[in-house]
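Encoded as structure tokens, the structure appears first; notes follow it.
Any read-out appearing in this document is the output of simple, stated calculations on the displayed coordinates, not a laboratory observation. Worth saying up front: this structure is predicted, and the values here are computed from it rather than measured. Neighbour counts run over all protein chains shown; Cβ positions are idealised from the backbone, glycine included.
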Amino acid sequence: MSDVRQAAPEESSAGRFAHRVLRVLLPIAVLAGGIVLWDWLVHRYQIPPYVLPGPRLVFATLISDWDVLSTSLMVTLTITIEGFLLALVGGIGLAVLFSQSRLVEYSLYPYAVILQVTPIVAIAPLLLIYLPQQGAVLACAWLVAFFPVLANTTLGLNSVDHHLVDLFRLYGASRWQLLWELKLPAALPHILGGVKIAGGLSLIGAVVAEIAAGAAGAGSGLAYRISESGYRLAIPRMFAALLLLSITGIVIFFVLSLVSHLLLRRWHESAVIQEV
Amino acid sequence: MSGAFVVALRGVGKTFSNGVVALDRLNLDVWPGEFVSLLGPSGCGKSTALRLIAGLSEPTRGTIEWAGAAEGARDAGQIGFVFQEPTLMPWATVAANVRLPLKIKRMADGAQPRVQAALERVGLADCAGAYPRELSGGMKMRTSIARALVTEPKLLLMDEPFAALDEITRFKLNADLLSLWQALGKTVVFVTHSVFESVYLSQRIVVMTPRPGRVFTELLIDAPYPRDERFRTSAEYAGLCRKASEALAGAMTAGDA
């Protein structure tokens with residue numbers, strides 16, 4: 001049975017490699033071009049650094065202010081990861097609970113939706129009154145991130161092949177076996193979709209909450225640095241902090257994409273490369 | 001006929017909650033070691049009958065009796081079920097899919113040789129590590145059959161298992177299923193809407209009427225086994241198919257009336 005696995009045609013592997021190189025090189029070339037253009041514009045029109053600092057100044061500031069900025073980065077990163085993990089546990093946990101009990105689902109689901117549709121910027125000041133600042137920021141990151149996990153996991157758990165459910169029932173599977181052996185693996189592609197969204201959203205939640213907290217607290221996250229630098233007209237530092245935030249978001253996206261790919265590559269259509 | 005049936009349906013009726021009467025007073029005895037087909041148009045409740053036997057659904061009327069057991073006693077290990085679709089877990093390898101019934105029933109010890117044996121019986125011994133998406137439709141169905149056989153059930157229930165396959169693959173799987181049945185001596189209840197398939201495979205065909213599902217008539221197919229491609233092209237086979245077709249046509253008219 002050597003014909004079981006679809007053999008990759010030899011002649012296309014070189015073409016596929018070139019394709020992958022292009023996918024990496026092209027965005028990098030665009031980035032480099034953008035930086036050169038930015039640098040040139042700043043010099044050509046003598047734009048003052050408090051309006052638009054050049055890329056070289058931003059980079060220099062990143063290095064000279066690294067002590068302050070790296071501390072802030074760690075604060076934001078910690079909140080983001082904590083909020084993300086809580087969203088993961090809360091979203092999947094609540095979805096599993098909903099799938100086990102209709103009554104719980106009917107009772108709580110509307111409130112999960114209300115939490116989601118109420119803009120987080122509007123809730124943040126309230127949370128800052130009732131919670132210590134770090135707690136409030138964490139709560140915001142969690143609130144924003146948890147709903148996509150909940151909604152996608154719920155969808156995944158509900159779209160299990162009903163014949164497979166019959167098969168499990170036929171052999172007398174317990175609720176636990178049905179959940180662990182069938183429903184969760186079947187829902188995995190959906191869950192990972194929600195998790196990818198949650199990764200980016202927990203960073204956004206953390207940033208929004210830090211901005212809302214503003215000067216009220218002793219916060220020292222990256223978003224706090226940005227607003228603080230704004231007040232002080234330390235625009236290069238503002239750009240440096242912004243750059244770090246962007247990089248954080250990009251890293252989160254790539255790490256979660258990689259995890260998703262590794263978990264699904266053997267079986268799910270979304271992760272399988274089709275030969276044409 | 002009375003005595004040692006494997007399972008018997010006595011006046012079984014099934015009305016769904018939306019008011020559709022799927023089965024009405026169905027009587028059916030399944031004898032040990034026989035290959036019996038339920039033949040009928042779609043909507044005659046033949047799949048419903050199979051689900052009732054498997055315990056996946058409860059009858060609203062009548063009883064289902066099992067040999068040598070009190071009413072309602074149904075040992076899940078004694079039933080193998082093959083669905084219309086292969087119904088495999090896409091995230092698990094062929095071997096893991098076949099092992100599933102043993103895993104659910106916590107019979108993991110010594111599962112490996114049983115899985116291997118089941119795969120060998122259906123000719124998939126070399127595909128144990130493959131994932132379902134890497135298999136052809138026929139191979140997926142073979143995996144599904146191996147999974148149904150892995151608990152060594154006495155009774156094999158098959159719900160139009162080959163309906164979605166192309167004709168060449170279907171003929172091949174029909175022939176392989178017959179050799180399996182002869183080698184293993186299982187009792188097979190096979191649901192189909194194909195006259196040709198039912199005549200080729202069965203010792204007995206139960207023709208059912210649609211809406212509500214009821215037994216219209218029974219045909220004995222007394223052609224000897226092993227049946228091969230020669231049988232499929234013989235005049236005897238053609239004659240039996242004509243008889244079965246007439247019975248099916250009669251069932252359709254009876255159902256419409």
Review point. By average Cβ neighbour count within 10 Å, what is the ranking of B:197-207, B:163-173 from highest down?
Key: B:197-207, B:163-173
Review point. Within chain A, what's the longest stretch lacking trypsin sites (Lys or Arg not before Pro) that sit in DSSP loops with no more than 13 other Cβ atoms inside 10 Å?
Key: A:6-231
Point to revise | Nearest-20 debye value, chain B charge dipole, Cβ charges on Lys, Arg, Asp, Glu | key: 440
Check your understanding: Considering amide H positions built from the backbone, and no H for Pro or chain starts, which residues 5 or more places from B:T217, or on another chain, come under 5 Å of its amide H?
Key -> B:V207
Practice item. Would you mind listing how long segment A:26-164 runs along its three principal axes, going by Cα atoms, in whole Å with the largest first? Key: 66, 44, 25
Practice item. Bin all alpha-carbon pair distances of the protein assembly as shown at 10 Å intervals from 0 and give each bin's fraction as a whole percent. Key: 3, 14, 19, 18, 14, 11, 9, 6, 4, 1, 0
Check your understanding: Which is the longest stretch in chain A that no exposed loop site breaks, taking sites as chymotrypsin sites (Phe, Trp or Tyr not before Pro) with a DSSP loop state and at most 16 other Cβ atoms within 10 Å?
Key -> A:51-276
Study note, to complete from the structure: dims of chain A, Cα set, principal axes, largest to smallest, nearest Å -> 75, 62, 27
**Study point:** Average beta carbon contacts from partner chains per residue of B:101-108, 10 Å cutoff
**Key:** 4
Study note, to complete from the structure: Given all pairs of distinct Cα atoms, segment A:23-108 yields a Kirkwood Rh in Å of 17.5
Point to revise | Kirkwood Rh and Cα Rg combined as Rg over Rh, evaluated for segment B:1-145 | key: 1.02
Exercise for review: Provide the descending list of Cα extents for chain B along its principal axes, expressed in whole angstroms.
Suggested key: 53, 45, 36
Point to revise | Nearest 10 degrees, 0 to 90: helix B:167-184 Cα axis against chain B principal axis | key: 80
Review point. Once both axes come from the Cα atoms, what is the angle between helix B:235-256 and the longest principal axis of chain B, in degrees from 0 to 90, rounded to 10?
Key: 60
Exercise for review: Please work out the Cα center distance from segment A:93-164 to segment A:186-216, rounded to the nearest Å.
Suggested key: 12
Check your understanding: Which whole-angstrom value gives the distance between the alpha carbon centres of segment A:37-81 and segment B:75-107?
Key -> 58
